[in-house]
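Colleague: Sharing a structure, written as structure tokens. Questions coming.
The values are calculated or read from the model by the stated rules, or taken from the named source; none is laboratory data. Bear in mind that the values here come from a model prediction, so they are computed numbers and not experimental data. Note that each Cβ is placed from the backbone with ideal geometry, even for glycine, and that neighbours are counted across all protein chains shown. Note: accessible area is taken over every heavy atom of the protein model, side chains too, but ligands, DNA and RNA are not part of it. Shrake-Rupley method; radii C 1.70, N 1.55, O 1.52, S 1.80 Å.
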Amino acid sequence: MEASLKEPSDDDWWRSAAIYQIYVRSFADGDGDGTGDLAGVRARLPYLAELGVDALWFTPWYLSPFADGGYDVADYRSIDPAFGTLVEAEKLISEASEVGIRTIIDIVPNHVSDQHPWFRAALTAGPGSPERELFHFRPGRGEHGELPPNDWPSEFPGAPSWTRVPDGEWYLHLFTPEQPDLNWAHPEVRREHEDVLRFWFERGVAGVRIDSAALLAKDPRLPDFVEGHDPHPFVDRDDLHDIYRSWRAVSDEYGAIFVGEVWLPDAERFARYLRPDELHTAFNFDFLSRRWDAGELRRSIDATLTDHAPVGAPATWVLCNHDVTRTVTRYGRGDTGFAFAAKRFGTPTDIALGTRRARAAALLTLALPGAVYLYQGEELGLPEAELPVDRIQDPMHFRSGGVDPGRDGCRAPLPWVAAAPNYGFCPRAEPWLPQPDGWAPYAADVQAADPGSMLTLYRRALALRRMEPGLGDGPMTWLDAPAAVLAFTRGDGLACLVNLGDAAFELPASAEVLLESGPLDDTGRLPQDTAVWLRI
Ligand code: GLC
């Protein structure tokens, strides 16, 4: 039978997928010790199936000292004991697949943990050893080598990128000192990663999220950083494409896909990662960073689609993740855009306003062409948690000198049961990060029973998105509308309208409302910060 539009070939699932990001530590705690784990995820698979997502992306679940929440991997072939075992991961992958959910894992190729056997061996082996060649070790500058080999800025602002070891050499780490950067010019580094990919593809993993995907390749001379100099010494270097071409050859053997974490301002350079023999998809951080403003969002949508078109890759839509401010909080602030450098404690926030907008944004993103990512708790409309400073664990906070609240505010453990201690996350233990007071109304159990909840909105939208052939991958057409209204059609007769302006908007006559993010006004018009899906 020929695949119809309504039943896209299974191989193309990723072009339209709704992918749910699981930050394992905070999703669900199966063994009751206060830390989320694989047993917790397995127990909540029915919840995820009912939510209607196509795949799960797990942030790193490997053995790790957790200097950066698991993005410091000590062994790619074992699961951290806090999360479970390899056997459990295999069970989870197959149980998820039984309920129609694919598994995407997170690979962190730019660096390893300082506890990784390679780095430990490099430290012991000393200067000039082949073990050190797997990393970027250099003598320092200055009379006694007391100055770092270059002035590269850290990806965690405010902190140095080099650390000196007792024998006097320095090693490069774009993130924390516990995350030494690998030398991607070394064939062993490439060989090992391809082997790790195979290890997980053999276990049924359907995709890989590539952490810090544009940072791996370094100028071998490690020159000082010169603002605006092209090429950049460590961002988006041309040699990366060769690495990803060989990864693609591996994934093609298994029919698995990649999604790259590629933060690049230059859209044309960004699209180069999505050429047909490279990565399948990459996160759309341009859209995520935009303010809640119709013109800005529309420009971002247009630019995204224009840049993806020549390489034939589907767009992705992301409103938040484990690194950024939660959507309802961001949209409830004076500045509704996102920038790492702008995060501060105590920013005034109107959560009701942010929630209204986040509901509208949910219908917007789920209606746009391509794949969509949602981050655990987004379907519950969780706000960013304001954590007591002495409970913060994120290195970004410490490395900013305490100025940046860091990323733990979006990592608080999920509330499952309104009436249970710790909202049912871990009824008998202290959760690894505190949950804010007053989260009972956000708990999944009360939202599941409430037709007006964020959870119900997501469930309905995801269900419709699956059924409607026009949604997911495919063309979209803008409709004539005032500048403050985003209005477009998908497929045959489906429209999404989002009103960001203060004037209520008259819906087209004889349109059937399939889903709305909030109530229409008394005369049936679309009020501010509200979205609808229509059959027209
Ligand atoms: C990515 C991850 C982030 C981590 C960093 C270093 O940006 O999303 O959480 O801190 O890489 O691995």
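Colleague: What translational D, rounded to a whole number of µm²/s, comes out for the chain from Stokes-Einstein when the hydrodynamic radius is the Kirkwood one over Cα pairs, at 20 °C and 1.002 mPa s? Before the final figure, lay out each step's value.
Modeller: Numbers: Rh = 24.1 Å.
Estimated diffusion coefficient is 89 µm²/s.
Colleague: From the backbone phi of segment 107-117, what are the Karplus-calculated ³J(HN,Hα) couplings (6.51 cos²θ - 1.76 cosθ + 1.60, θ = phi - 60°) in whole Hz, Gly and Pro given as x?
Modeller: Going residue by residue, I get 10, 10, x, 5, 8, 10, 6, 5, 9, 5, x Hz, with x marking Gly and Pro.
Colleague: Cα gyration tensor of segment 117-172, axes a ≥ b ≥ c as square roots of the eigenvalues: rounded (a/c below 1.5), prolate (a/b > b/c) or oblate?
Modeller: oblate
Colleague: Hey, how many Å between the Cα centroid of segment 397-464 and the Cα centroid of segment 496-536?
Modeller: Rounded to whole Å, the Cα centres lie 29 Å apart.
Colleague: Loop-only check: which GluC sites (Glu not before Pro) in segment 364-417 are DSSP coil with at most 16 other Cβ within 10 angstrom?
Modeller: GLU386
Colleague: If I fit a long axis through the Cα atoms of helix 294-308 and take the longest principal axis of the Cα atoms of the chain, what angle between them do I get, 0 to 90°, rounded to 10?
Modeller: Its long axis makes an angle of about 60 degrees.
Colleague: May I pose another question? Using a 1.4 angstrom probe on the protein heavy atoms only, line up GLU133, GLU188, GLU202 by accessible area, largest first. Could the numbers behind the result be given before it?
Modeller: Details: GLU133 95, GLU188 65, GLU202 125 Å².
Output order, biggest surface exposure first: GLU202, GLU133, GLU188.
Colleague: For segment 377-495, what % of the accessible area comes from carbon and sulfur atoms, probe 1.4 Å?
Modeller: Roughly 56 percent, rounded to a whole number.
Colleague: Assign one of three labels to segment 319-455, namely rounded, prolate or oblate, based on the Cα gyration tensor with a ≥ b ≥ c the square roots of its eigenvalues; rounded applies when a/c is under 1.5, prolate when it is not and a/b is larger than b/c, and oblate otherwise.
Modeller: Verdict is oblate for segment 319-455.
Colleague: Let me ask something else. How much of the calculated P(r) for segment 334-394 lies past 20 Å, in percent of all Cα pairs? Mind dumping the intermediate values first?
Modeller: Working: 749 of 1830 pairs.
Tail of P(r) above 20 Å: 41 percent of Cα pairs.
Colleague: Of the peptides 149-161, 280-292, 404-416, 227-239, how do they stack up when ordered by the mean number of other Cβ atoms within 10 Å, highest first?
Modeller: Sorting 149-161, 280-292, 404-416, 227-239 by mean packing, highest first, produces 404-416, 280-292, 149-161, 227-239.
Colleague: Quantify, in whole percent, the carbon and sulfur part of the accessible surface of segment 192-303 (1.4 Å probe; protein heavy atoms only).
Modeller: Reported share for carbon and sulfur atoms: 47 percent.
Colleague: Here's something else I'd like to know. Output ³J(HN,Hα) for segment 208-214: one whole-Hz value per residue in order, computed from phi by the Karplus curve 6.51 cos²θ - 1.76 cosθ + 1.60 with θ = phi - 60°, and x for Gly and Pro.
Modeller: 9, 8, 9, 5, 6, 4, 9
Colleague: Using only the Cα atoms of segment 476-535, build the gyration tensor, take square roots of its eigenvalues as a ≥ b ≥ c, and label the shape rounded, prolate or oblate: rounded if a/c is under 1.5, else prolate if a/b is larger than b/c, else oblate.
Modeller: Note, shape of segment 476-535 comes out oblate.
Colleague: Hey, any idea what % of segment 45-176's accessible area is carbon plus sulfur with a 1.4 Å probe?
Modeller: Summing carbon and sulfur atoms, their accessible area is 57 percent of the total for segment 45-176.
Colleague: Report CYS320's accessible area, 1.4 Å probe, all protein chains in place, as a number in Å² to the nearest 10.
Modeller: 0 Å²
Colleague: So what is the accessible area of the chain per residue, in Å², with the probe set to 1.4 Å?
Modeller: 39 Å²
Colleague: Further, regarding this structure: Probe radius 1.4 Å, ligands and nucleic acids left out: which of ARG132, ARG459 has the largest accessible area, and how do the rest follow?
Modeller: From most accessible down to least: ARG459, ARG132.
Colleague: Long-range amide H contacts for ARG102: which residues qualify at under 5 Å (H placed 1.01 Å from N, peptide plane, sequence gap of 5 or more or a different chain)?
Modeller: Long-range HN contacts for ARG102: ALA55, LEU56.
Colleague: Further question on the same structure: As I understand it, the value is the acute angle between the Cα axis of helix 86-98 and the longest principal axis of the Cα atoms of the chain; what does it come to in degrees, rounded to 10?
Modeller: 20 degrees
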